[in-house]
Amino acid sequence: MKKLIYFTGILFFLASCENFLDTENYTKKDDSNFPQSIEDMQQIVTGIYATLNLAGTNSYTTYYYLAELASDDRFGGGGAGGKDQQGFDKFMNSSVDRMGAFWAARYKGINRANYALEVIDQLDGYAVNQKEHMLREIHFLRGFFYHELAEAFENVPLVLNTEAENLPQADVEDLYGQITYDLRKAIEILDGNFTLETNRITKWDAEALMARVFLFYTGFYQTETLPLGDGEGNVVGSVTKDQVIAWLEDCVFQSDRKLLPNFRSLWAYTNPYTAPYYKYLQENDPEVRWAGDGTAENTEKMFSISHTTMATWNETGFSNAYALYFSHRTGGETTFPLSQGWGAGPVTPGLWNEWKAAEPDDLRREASIMDVHAELENYVYGEGTQMEETGLWAKKVINIQAYDEEGTLWKMFGTPMYGGPNDIATGNSVDLMVIRFADVLLMHSELKKDVYGINKVRERVGLTPLSSYSLEALQKERRWELCFESRRWADIRRWHIAEECLEKQEGNKIYNQGFETTMKPFGGGYRARYQATRGFFKIPETQITLSKVY
């Protein structure tokens with residue numbers, strides 16, 4: 001019988017206490033006077049979205065960050081004291097509360113969603129479909145929050161109201177039943193007719209996330225169906241593969257999402273203040289231009305987390321802090337266009353070499369990974385006490401330098417482009433794509449066991465179409481297309497190939513502070529560490545303490 005961890009650390013969105021005189025509160029918003037208008041309700045929904053960035057304030061504790069470093073495509077990296085980065089890579093806890101900030105942010109979002117569902121029916125006067133649109137957003141976001149918690153920790157408390165309760169860890173089936181309930185609500189509430197300019201959640205986003213959840217649950221737990229809950233913590237049915245395929249086909253064939261013609265245009269290094277000065281682009285794709293973050297231009301982006309340059313060193317979540325953490329530890333002309341950061345996630349040689357052997361003409365490899373030996377002159381290993389360096393750096397989510405019209409070099413391309421701060425921590429406003437249409441196409445192929453989606457993705461980059469489907473081909477295509485987008489970790493776990501993939505990292509040549517060495521086994525090695533954890537990480541110690549279970 002598993003040890004029960006109880007949850008008491010609910011973070012409230014609104015104050016709920018009235019003073020002893022029971023007088024009306026005229027100065028603060030609480031549950032006695034809020035919400036009173038549709039605008040108030042919109043603020044509540046916006047508050048749920050805001051917790052996406054709240055987690056990003058501490059990007060180095062999030063599931064997205066964990067999934068990148070834990071996968072076989074990246075080492076931990078960081079500086080000489082980078083135990084946090086290297087801990088995720090090796091499934092070890094660098095502190096007893098390593099994921100505490102992420103846990104708090106996700107449950108804060110869940111609590112705000114629960115509150116929204118409790119009060120949304122109190123108001124009248126909604127415009128046509130307005131209430132339904134908000135319900136879709138609430139259910140989707142709550143489902144997304146639990147999806148990340150389930151993949152990170154497995155058993156977590158299932159909180160479905162704003163009561164302060166001491167709740168046990170939920171069974172996996174009940175937890176996934178609730179996720180499925182929320183996502184099905186988001187799919188079926190209303191037709192997906194939000195305009196692109198709203199940058200809000202549509203039913204197609206929910207259909208895509210449902211497929212992602214289905215593939216992980218049925219693959220990892222080796223079942224045929226996904227549990228379906230009743231919204232109160234009970235499993236009352238199931239979702240089948242055929243249902244998920246039907247939803248995905250609605251997204252593939254009926255949505256307004258489509259692949260961009262140029263794969264490179266997805267990534268910020270193709271912006272107009274960097275591309276003309278980037279040798280790789282000038283030699284390979286001089287006319288490419290970044291599609292940007294605006295959804296009207298970027299038809300491939302689906303669910304994403306928006307960022308701005310309205311950040312400070314204390315509140316970096318407004319900016320895309322993932323780019324800061326995944327950037328090389330030094331910057332300047334010697335690493336252009338890669339700017340400076342904390343050095344997490346050096347790319348493993350295995351990804352580069354296996355990709356080159358399998359698809360030598362695949363432009364995505366050099367579009368996604370910088371080989372410093374090929375692209376840079378006078379590159380020096382060990383700058384900034386960089387650890388676990390391989391000479392390979394990811395290009396997708398990273399700080400990007402730029403030149404302005406006068407030839408001034410800026411640390412951040414957003415400075416000449418948007419007038420943003422020239423600061424590596426606060427100057428990256430690029431949105432984080434959580435789901436994009438290429439992933440939808442590949443999930444569609446995997447579920448149907450056909451090559452339609454695979455070949456659409458391959459066609460874009462000029463590769464020969466496949467004549468027949470195989471799981472091995474699908475696995476490779478997902479690895480190439482979606483590398484550094486937080487999908488590889490879930491994929492190798494649900495395919496039950498994690499142990500063999502992770503073990504291949506041992507023996508790779510790396511540089512620690514400029515000195516050549518090899519990645520050595522630790523604590524029994526990658527295989528043993530994965531077997532001990534099954535890829536799940538420790539619930540924050542503060543939550544165990546709050547539960548009063550000792």
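A few notes on this one:
- Scope segment 96-115; condition within 24 Å of the chain's Cα centre (by Cα), over 18 Å from S59 (Cβ atoms) and touching a residue at least 60 places away in the same chain (Cβ under 8 Å); matching residues: V96, N111, R112, A113
- Matching residues, segment 436-455, being under 17 Å from I245 (Cβ atoms) and outside any helix (DSSP H, G or I): K449, D450, V451
- Failed criterion for Y278 (all others in (1) in contact with a helix residue (DSSP H, G or I) (Cβ under 7 Å, 6 or more places away or on another chain); (2) of a type in the set (S, T, Y); (3) at pLDDT below 95 hold): (3)
- Just one of the listed residues (T385, T348) is open to solvent by less than 10 Å² (accessible area, probe 1.4 Å) and of a type in the set (S, T, Y), namely T348.
- Note on segment 178-192: among residues that are open to solvent by 30 Å² or more (accessible area, probe 1.4 Å) and outside any loop (DSSP other than H, G, I, E, B), the one that is farthest from N114 (Cα to Cα) is E188.
- Residue, farthest from I305 (Cα to Cα), within segment 417-454, restricted to residues that are in contact with a strand residue (DSSP E or B) (Cβ under 9 Å, 6 or more places away or on another chain) and among the polar types (S, T, N, Q): N422
- Of all the listed residues (E297, E249), the sole one being surrounded by fewer than 22 Cβ atoms within 10 Å (Cβ to Cβ), in contact with a His (Cβ under 8 Å, 6 or more places away or on another chain) and charged (D, E, K, R) is E249.
Residue by residue, here is whether (1) among the hydroxyl-bearing types (S, T, Y); (2) open to solvent by 40 Å² or more (accessible area, probe 1.4 Å); (3) touching a Phe, Trp or Tyr at 6+ places or on another chain (Cβ under 7 Å) holds:
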{"site": "S445", "(1), (2), (3)": "yes, no, yes"}
{"site": "K448", "(1), (2), (3)": "no, yes, no"}
{"site": "Y452", "(1), (2), (3)": "yes, yes, no"}
{"site": "R460", "(1), (2), (3)": "no, no, yes"}
{"site": "S468", "(1), (2), (3)": "yes, yes, no"}
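- So G317, is it at pLDDT below 90 and assigned to a helix (DSSP H, G or I): yes
- Selected residue (criterion: surrounded by the fewest Cβ atoms within 10 Å (Cβ to Cβ)) from residues of segment 56-85 that are at pLDDT below 85 and outside any loop (DSSP other than H, G, I, E, B): T57
- No other residue among V239, V244 is open to solvent by less than 20 Å² (accessible area, probe 1.4 Å), of a type in the set (A, V, I, L, M, F, W, C) and free of Cβ contacts under 8 Å to residues at least 60 places away in the same chain apart from V239.
- Taken together, the residues in segment 196-233 that are among the β-branched types (V, I, T) and modelled with pLDDT under 95 amount to 3.
- Segment 133-177 - residue that is in a loop (DSSP other than H, G, I, E, B) and touching a Lys or Arg at 6+ places or on another chain (Cβ under 8 Å) and, of those, nearest to Q43 (Cα to Cα): N166
- Output for segment 523-550, where each listed residue is within 26 Å of A80 (Cα to Cα), more than 25 Å from the chain's Cα centre (by Cα) and open to solvent by less than 30 Å² (accessible area, probe 1.4 Å): G525
- Residues that are polar (S, T, N, Q) and within 19 Å of V457 (Cα to Cα) within segment 346-396 comprise just one, S368.
- Test: residue in segment 413-430 that is over 26 Å from the mean Cα position of the chain (by Cα) and at negative phi: yes
- Number of positions in segment 411-434 that are open to solvent by 40 Å² or more (accessible area, probe 1.4 Å) and within 16 Å of W290 (Cβ to Cβ): 2
- Count - residues of segment 88-132 that are closer than 30 Å to Y325 by Cβ, assigned to a helix (DSSP H, G or I) and either open to solvent by 10 Å² or more (accessible area, probe 1.4 Å) or of a type in the set (K, R) (or both): 6
- Residue within segment 259-272 that is open to solvent by 50 Å² or more (accessible area, probe 1.4 Å) and not in a loop (DSSP other than H, G, I, E, B) present: no
- Helices (runs of 4 or more DSSP H) lying entirely in segment 346-433 (those with 2 or more residues that are closer than 24 Å to S486 by Cα): 349-358, 363-368
The values are calculated or read from the model by the stated rules, or taken from the named source; none is laboratory data. Note that the structure is predicted; figures quoted are calculated from it, not measured. As a convention, Cβ positions derive from the backbone with ideal geometry for all residues, glycine included, and neighbour counts pool all protein chains shown. These area figures cover heavy atoms from the full protein model, side chains too; ligands, DNA and RNA do not enter into them. Shrake-Rupley method; radii C 1.70, N 1.55, O 1.52, S 1.80 Å.
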